[in-house]
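Beneath this line is the structure, given in structure tokens, with notes to follow.
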Amino acid sequence: MDETGTDEAGMDEAGIHASVDRIANPWGGRTPYDRHRPWPTRVDSHLEAGVAPDQVQRWVQTASILHSDGDAMDVAVVDGRMVGVRGRADDRVNRGRLGPKDLFGWQANASKDRLTRPLIREGGRLVECDWDTAMDRIVARSRELLEERGPGSIGFYTSGQLYLEEYYTLAVLARAGIGTNHLDGNTRLCTATAAEALKQSFGCDGQPGCYDDFDHADVIALFGHNIAETQPVQWMRLLDRLAGGDPPRLVCVDPRPTRVARRAAVHLAPRAGTNVALLNALLHEIIRTDRVDHEYIAAHTVGFEELASGVRECTPQWAAGICDVPAASIGEAADVLGDADRLLSTVLQGVYQSHQATAAAVQINNLHLIRGMLGRPGAGVLQMNGQPTAQNTRECGADGDLPGFRNWRNDAHVADLAKVWNVEPGSIPHHAPPTHAMQIFRYAEQGSIRMLWISGTNPAVSLPELSRVRSILRQERLFVVVQDLFRTETARLADVVLPAATWGEKTGASTNADRTVHLSVKAVEPPGEARPDLDVFLDYAARMDFRDKDGGPLITWHDPESAFEAWKRCSAGRPCDYTGITYDRLRDASGVQWPCHEQAPDGTARLYTDGVGWAHPDVCESYGKDLETGAPDEPVEYRSLNPDGRAVIRAAAYLPPHETPDVDHPFQLTTGRTVYHFHTRTKTARAPQLNAAAPDVWVEASVSDAAALGLGEGDLVEVGTPRGALRGRLRVTDIRPGLLFVPFHYGYWDTAAGYGPSGGTPGRAANETTVTDWDPASKQPLFKTAAASLRLVERARGRHAPAPTTTASAPSRTDAAPPTVGGAAALVAETTDASHDTGGRNIR
Amino acid sequence: MNGVNLILRTLHHGEKHLAGQLTAVAERHRTEHEICHVAIDLAAWSRGHVLRLAETADARGVHLGGSSGAHTAGVLSALREKTAEAMAHRPEPGLLLLRDLRELHLSAVENSLHWEMLAQAGQAGRDERLLALVARCHPQTLRQMRWTNTMIRNLAPQILTSL
């Protein structure tokens, strides 16, 4: 809370040690620094009450899996139990800092309601069984389906929260073992557009920039990216720069009054679903005033003329009418972007989960291409991820592309992959694009997929239009396997439930949104009979007896490290080359950024420092797509358009959203997140401090809309769409008028109903209301463009919304609700003493 | 120039027909979400073509008249949508979908060939207005063709091997 000064409240006079309530102040104390200087270290640690640091027996290295930042930390262990965490001072990502979810989320691992034994459905009920019984049932069903209906009857839906070794193993067993095209991750909901936008512009996935660019940029533009809540540690970095010398100017595009918006030089709050119109106007202004780098464009791109003519009519006045943003503000934003010396842009769900997702994300790449703002410190694009290991899902081929960013339409790439796996190219399905998650569920709905294996994700809360999702999962003919930590809403609908181990209980590598690879080492035993996801996949592969073309076992590895080594062979020579990384190298050191190989033994900070390297027709991952229809471009066209493999500048015209407000549904509705929770709360709701900070769903509406309807803070309201409805208490905020916001984290596992609304339990999940519609290019579902109604159910009578006051959900009138605090249980030690730089290193 | 007027008239009819077909397909396959949403977007392209064709024809003294192929919701569309919802869990509509996509593709190809003829006539007669019209509309027709072709390619394997 910089404005009120409480950031400093916990600091003692020396400014070295502080104890800070990190629920009341999620970002902790400031360590200001100047532009082009390294970000100072600040080590955050939180231990269980009653445990002193010197009582900790072991500190074990890991990285956070509760957001995409990849914060490196150590787990404190006492008597085989996790008792706390401490940030790793020497890691490039966080320099010792941790966010609230990192600091408190670990407690969920030891929850009493962890799954400890497999469950199978008997007579309509889930009953405990042993592993052999559960695995035999899965294997029997798999064999039966392969025999009767073929590999296309089996689908896999995985996560963005497992480890690299697990995705890779799953990708090999699904694609070359089963031979199915139906493997995707829930990364489809969070990061598919990031991947697609990079493929469209640069021919290949791979984050161009890196987090260090925050240290060097003079302008940082955040497009639909509430970084303060999704990646709180990088927001700490921005706050530290804002407090230091030569601070950056921020441009914020977000319809909510986020912390970023409050600190921005220019804040644009457009009507939902109009990002392309806004971006086209910004590009129009930059081109009109000729603030473009003609040399860069000539040397490294194709397609500029098409863009220039496409945005010629897109004046700020034109966009102002569509976006409901003042034309002068658009001009002002264009000035800031156009005058930037080093421009860094970051992009997240406000773009990715909205209408025309890929088209909009690509325009942000275009902004950098035409300004030549790539590949230099501070000049870069960060197409962010929503989940901790989404990058691994993408690169391992578990979310719809072939492993190692290979192009499924390039026979040479398929042959190369077949060689790595020692199988015939024909046994890797590549007759059509790998099936995306929304289509996997459609095939299950229509009955052609008969077995769906869901690992580490909770679609019964996270997918759009939940009544439909429940009806799909409940079908008698669909055999559903769920592999998870808890009895989630989805697990309750399963035929077999497998208890999984989680971080701290298993070893594996993970890669964050800026390509930094971290190792997470097992610190404690998993509860009961819970097993690492890798062990489950290896066991299944062994029982299915998958073979390579010479009759040897298809999967030749047996533990995390041998799986990592196998992945390295698959990644060799591709953009995500891991060949220079070993487990030993990742131990006790900072994370390493891929590509890391013989020529780049220390890893690679930035891609595209010298032109665009992966867009050549022979090496690119994709030949591009029609941004409006999703139809792929033909290889021969791509070759003639881009023979030398330059960046492709793709223009896109604005299209109105598919669902617009009308008399019955006069509001726009967007869903989103809060800093205190992750995904469907399966872990964060089981951490007392996090749960108390945001214990239940709420609905945000603007001051003017609330006044017009006679509604106030704490009133119980119902938000309805043609798909369904939910109830929550109202928070009146400075959100843009006409827009409602509902956090998507809340489901039913902690209600009487269990997995969905029922008699006594009204709708609580935001996704009761969302529409089944997705971006045609990235296939990412739209969560930010629905039309909704709002009505009063019951007056507040002294109650207030269970929404945090510390974040974008802060009430417009500060006295409308008591401030969110964590108290003694949320106190975190923050140490800025330089001698503590070594504090994170002398440990194992 | 009666030949050009004839093609304008034929294409006007063809685009109106395709707009109607796309809308009907969107309704009939309401539970195939990607088909449904993209088909509605593509119908808007064809309706735009209809209006522009009528303007161009007007300037040539030919009145093509009629609506832009805009869809009027009625009993039939409601019926199509309800049928689609009732059949959501059945595999058979997959075959119908492949047939519908084939028909859409063929209609778009027919329109494309007529755009081609107009373009050639425009070149021969140095008719800038005609050329501008074709330059504006024909690329979208080609994209309609590519989309229908793509959807057939992507969906056919699963639909045909699962019945």
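The values are calculated or read from the model by the stated rules, or taken from the named source; none is laboratory data. No experiment lies behind these values; they were computed from the predicted model shown. Heads up, the Cβs are rebuilt from the backbone with ideal geometry, glycines too, and the neighbour counts pull from every protein chain shown. Please note that ligands, DNA and RNA were not included when accessible areas were found on the heavy atoms of the full protein model with its side chains. Shrake-Rupley method; radii C 1.70, N 1.55, O 1.52, S 1.80 Å.
Quick notes
- Every residue from region A:553-565 that is in contact with a Phe, Trp or Tyr (Cβ under 6 Å, 6 or more places away or on another chain) and buried (at least 19 other Cβ atoms within 10 Å of the Cβ): A:Leu554, A:Ala563
- Filtered residue count, region A:45-71, keeping only those that are over 18 Å from A:Ile227 (Cβ atoms) and of a type outside the set (Val, Ile, Thr): 15
- Residue within region A:472-482 that is in the same structural domain as A:Tyr443 (by TED's automatic domain parsing) and free of Cβ contacts under 8 Å to residues at least 12 places away in the same chain present: yes
- Tally of residues being open to solvent by 10 Å² or more (accessible area, probe 1.4 Å), within 14 Å of another protein chain (Cβ to nearest Cβ) and over 20 Å from B:Leu98 (Cβ atoms) across region B:14-60: 5
- When region A:137-155 is filtered for residues that are in contact (Cβ under 8 Å) with a residue 24 or more places away in the chain and part of a helix (DSSP H, G or I), the ones remaining, listed by number, are A:Arg137, A:Ile138, A:Val139, A:Arg141, A:Ser142, A:Arg143, A:Leu145, A:Leu146, A:Pro151, A:Gly152, A:Ser153.
- Some residue of region A:420-432 being within 14 Å of chain B (Cβ to nearest Cβ) and open to solvent by less than 20 Å² (accessible area, probe 1.4 Å): yes
- Taken as a whole, region A:208-220 holds no residue that is within 30 Å of A:Val699 (Cα to Cα) and in a loop (DSSP other than H, G, I, E, B).
- Matching residues in region A:82-106 - criterion: being out of contact with any Ser or Thr (no Cβ under 7 Å at 6 or more places or on another chain) and in a helix (DSSP H, G or I): A:Pro100, A:Leu103, A:Phe104, A:Trp106
- Among all positions in region B:73-86, there is no residue which is farther than 30 Å from A:Phe441 by Cα, buried (at least 18 other Cβ atoms within 10 Å of the Cβ) and either more than 14 Å from chain A (Cβ to nearest Cβ) or among the aliphatic types (A, V, I, L, M) (or both).
- Tabulated pairs, region A:721-734, first over 16 Å from A:Asp664 (Cα atoms) and not assigned by TED's automatic domain parsing to the domain that holds A:Ser471, second among the polar types (S, T, N, Q) and surrounded by fewer than 22 Cβ atoms within 10 Å (Cβ to Cβ), C-beta under 7 angstrom, 6+ apart or interchain: A:Val732/A:Ser812; A:Thr733/A:Ser812; A:Asp734/A:Ser812
- Only one of the numbered conditions (1) within 14 Å of chain A (Cβ to nearest Cβ); (2) open to solvent by 50 Å² or more (accessible area, probe 1.4 Å); (3) within 16 Å of the chain's Cα centre (by Cα); (4) over 23 Å from A:Glu637 (Cβ atoms) is not met by B:Leu97, and that is (2).
- You will find that of A:Thr133, A:Thr169, A:Thr158, A:Thr193, the residue that is more than 14 Å from every other protein chain (Cβ to nearest Cβ), touching a Gly at 6+ places or on another chain (Cβ under 6 Å) and in contact (Cβ under 8 Å) with a residue 12 or more places away in the chain is A:Thr158 and no other.
- Single match in A:Gly124, A:Gly80 (criterion: at pLDDT below 95 and open to solvent by 20 Å² or more (accessible area, probe 1.4 Å)): A:Gly124
- Sub-6 Å Cβ pairs linking a first residue in region A:614-638 that is open to solvent by less than 50 Å² (accessible area, probe 1.4 Å) to a second residue that is among the β-branched types (Val, Ile, Thr) and modelled with pLDDT of 95 or more, at least 6 apart or interchain, are A:Leu627/A:Thr358; A:Thr629/B:Val38; A:Ala631/B:Thr150, ordered by first then second residue.
- The residues in region B:118-156 that are part of a helix (DSSP H, G or I), of a type outside the set (A, V, I, L, M) and open to solvent by less than 40 Å² (accessible area, probe 1.4 Å) can be counted, and the count is 8.
- Top-ranked residue of region A:301-315 - restricted to ones that are β-branched (Val, Ile, Thr) and under 9 Å from A:His284 (Cβ atoms), ranked as surrounded by the fewest Cβ atoms within 10 Å (Cβ to Cβ): A:Thr315
- Residue in region A:642-662 that is of a type in the set (Gly, Ala, Ser) and closer than 30 Å to A:Lys112 by Cα present: no
- Tally, over region A:730-768, of residues that are farther than 18 Å from A:Thr457 by Cα, open to solvent by less than 30 Å² (accessible area, probe 1.4 Å) and assigned to a strand (DSSP E or B): 9
- Neighbours by Cβ (under 7 Å, 6+ apart or cross-chain): first from region B:98-118, closer than 13 Å to B:Ala19 by Cα; second among the acidic types (Asp, Glu) and modelled with pLDDT of 95 or more: B:Asn111/B:Glu15
- Selection over region A:564-586 of residues that are in a helix (DSSP H, G or I) and closer than 26 Å to A:Asn94 by Cβ gives a count of 8.
- A:Tyr654 being among the aromatic types (Phe, Trp, Tyr) and open to solvent by 20 Å² or more (accessible area, probe 1.4 Å): yes
- Yes/no for A:Thr670 being in contact with a His (Cβ under 8 Å, 6 or more places away or on another chain) and either at pLDDT below 95 or of a type in the set (S, T, N, Q) (or both): no
- When A:Ala615, A:Ala589, A:Ala605 are checked against the criterion of being in a loop (DSSP other than H, G, I, E, B) and modelled with pLDDT under 95, a single residue qualifies: A:Ala589.
- Residue within region B:1-11 that is open to solvent by 50 Å² or more (accessible area, probe 1.4 Å) and free of Cβ contacts under 8 Å to residues at least 24 places away in the same chain present: yes
- Among the residues making up region A:543-552, those that are surrounded by 13 or more Cβ atoms within 10 Å (Cβ to Cβ) and in contact (Cβ under 8 Å) with a residue 12 or more places away in the chain are A:Arg543, A:Met544, A:Phe546, A:Asp548, A:Lys549.
- The single residue among A:Thr180, A:Thr191 that is β-branched (Val, Ile, Thr), over 16 Å from the mean Cα position of the chain (by Cα) and open to solvent by less than 10 Å² (accessible area, probe 1.4 Å) turns out to be A:Thr180.
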